[in-house]
Every structure is written in C-alpha cells, then in structure tokens.
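To start, the structure under review is shown below, and the notes come after it.
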Amino acid sequence: MAHPRSGSWIFPAVCAATAVGAALAQRGATPVGVWVFVTVLGGWVITLCLHEFAHAALALAGGDTSMRERGYLTLNPTRYLDSANSFVIPILLLAIGGIPLPGGAVIVQPGKLRHRWWSSVVAAGGPATNVLAGIVLAMLAAPFDSAMGAALSFLALLQFVAGILNLLPVPGFDGYGILAPYLPPRITQALTRTRVWLPLAAFAVIFAVPGVMRALFAAGYWLLGLAGGNTLAAGVGAGLFQFWR
C-alpha cells in the first residue's frame, strides 16, 4: 500500500497550474489556446477528484468507514483504486476528443451502509457534483468576456455533459449504481458479468453512431444555458481548447 502522503502534492499542484493557466488566459497571453487547454484540463482533473471525493464522503456518512482506511477522503488521485481508468484515460480522451469520460475509482462496501438507499445516494453524489460544479463554473465565467471566461464556460459545459453521461443506467456508470440496489439479484449478477465491456459498448455507440455525440452536447448546452451560462463562450472555449487543430 502506498504511503498515506504519497502523491499528496498532486492536487495542490494541479490547482496551482490551473490558476496560472486561467490568469494567463485572462491576460490574453500567447499562445492563448495553450492556456485555455491548461485551464480546462487542470479544472477537469480537479472536478474528477471532487467527483470521487463526493462518493467517498457520502459512503462514510452512510456507514462505510473503509473510506478513511483507503484514503479516499484526501483528494489525492493516487489513493484511488484504478488511477489509469479513473484519471489517465479520461484526461487523454478529453484532450484528444473533447468528451468528458466519467471515471470510477471509489470502491464502496454496500454491506457496511446503514440502509439500502444509501447505495443510491452514494452513486448519485458523483453526477450531482458534476452538475453543481457546472453551475458554479457558469456563474464564475459570466462576468469575463475573455479567453478565461471561454475556458470556464467550456469547463462548465463539460461538467453538465459528464453529469448526463454518469446517469446512464449501464454498469460502470453512476446511473446503474443508483438503480442497482432495487434490481432483482439475478439481473445484477448477469450484468456484473458484462461490467467490463458494457461501458465500452456505450462509448462505442456515442462515438460511432451519427448524432449521439451531438445530442449529448446539445443537452449539455441546454443545461448550461439553464444555469445562466454563456453558451457562445463555451463554443469559443471548445475551439481554443483543441488549439492544435
């Protein structure tokens, strides 16, 4: 097991790098696309940590004390079970494709939770965190007619899209975690055997079927507008984010 403080510097370092990127984007420093990229990618890592922290904090509130033992309450990404699937792959996919892939790292022990419905509450904590982050970011971006405002608006959009994705009722997504406690055991057992490839199939549909990705982002833009965000700035931020294109 890793030392409890191993990697404890990562989250503060990401926060600092994100703040520097945002400040340079606000000043319009060139190349501005690079600073938008740093701001959005750093902000995305921060919200991934907050997403997982929300799962862990709610699990602890529900009675699963293993959250402390596993180090899930530290915001340290190295303390999660599968950093590759929960952080590295989502970051790479966001960087090259612009899709906010939800992670999945906190292992909850349902038997330790006080009531069955706590499992649903724990699962819902992740997408709720994304939506809340989207609202906060939309509000923060609103006063700024700048590259930083565009970066924060795009990051807000990604939070709403991630929230929608996380609610898919497919094993590996939080939406399934919300429903699973109330499904018949024979169904959950059958779905457990397909847990590895069902999320991959879901993303294959999103990437390959015409119109699915567009509909997903259209819903994200709608939520951004509903939250009072600047949808035009989010579109500008999306273009600046992929500065190499």
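Looking at 42, 62, which is the one that is touching a helix residue (DSSP H, G or I) at 6+ places or on another chain (Cβ under 6 Å), under 19 Å from residue 151 (Cα atoms) and at pLDDT 90 or above?
Result of the check over 42, 62: 42.
Is it true that residue 149 is assigned to a loop (DSSP other than H, G, I, E, B) and in contact (Cβ under 8 Å) with a residue 60 or more places away in the chain?
So residue 149 does not fit the description; no.
Select from segment 152-176 the residues that are aliphatic (A, V, I, L, M), in a loop (DSSP other than H, G, I, E, B) and in contact with a Gly (Cβ under 7 Å, 6 or more places away or on another chain) and write down the one among them that is nearest to residue 138 (Cα to Cα).
Once the filter is applied, the top-ranked residue is 167.
Given the criteria part of a helix (DSSP H, G or I) and either over 16 Å from residue 105 (Cα atoms) or of a type in the set (D, E, K, R) (or both), does residue 179 qualify?
Spelling it out, residue 179 is indeed part of a helix (DSSP H, G or I) and either over 16 Å from residue 105 (Cα atoms) or of a type in the set (D, E, K, R) (or both).
From (1) part of a helix (DSSP H, G or I); (2) surrounded by 11 or more Cβ atoms within 10 Å (Cβ to Cβ); (3) among the basic types (Lys, Arg), pick out the condition that doesn't hold for residue 195.
For residue 195, the exception is condition (1).
Of 124, 105, 180, which residue is under 19 Å from the mean Cα position of the chain (by Cα) and either at pLDDT below 95 or farther than 29 Å from residue 71 by Cβ (or both)?
105
Filter segment 182-192 down to the residues that are aliphatic (A, V, I, L, M) and part of a loop (DSSP other than H, G, I, E, B) and list them by number.
183
Within segment 118-172, count every residue that is farther than 25 Å from residue 23 by Cα and aromatic (Phe, Trp, Tyr).
Total satisfying the criteria: 1.
What is the residue count in segment 72-89 for residues that are modelled with pLDDT of 70 or more and either in a helix (DSSP H, G or I) or among the hydroxyl-bearing types (Ser, Thr, Tyr) (or both)?
5
How many residues, within segment 220-234, are under 7 Å from residue 153 (Cβ atoms) and of a type in the set (Phe, Trp, Tyr)?
Final tally of qualifying residues: 0.
With the requirement that a residue be touching a His at 6+ places or on another chain (Cβ under 9 Å) and not in a helix (DSSP H, G or I), what does segment 53-71 give you?
Result: 63, single match.
Within segment 1-55, track down each residue that is within 26 Å of residue 163 (Cβ to Cβ) and among the hydroxyl-bearing types (Ser, Thr, Tyr).
Selection gives 18, 39, 47.
Restricting attention to segment 205-245, which residues are more than 14 Å from residue 165 (Cβ to Cβ), of a type in the set (Gly, Ala, Ser) and part of a helix (DSSP H, G or I)?
Residues satisfying the conditions are 208, 225, 233, 234, 235, 237, 238, 239.
The values are calculated or read from the model by the stated rules, or taken from the named source; none is laboratory data. Note that this is a predicted model, so its numbers are computed, not measured. With ideal geometry, Cβ positions are generated from the backbone for all residues, glycine too; neighbour counts draw on all protein chains shown.
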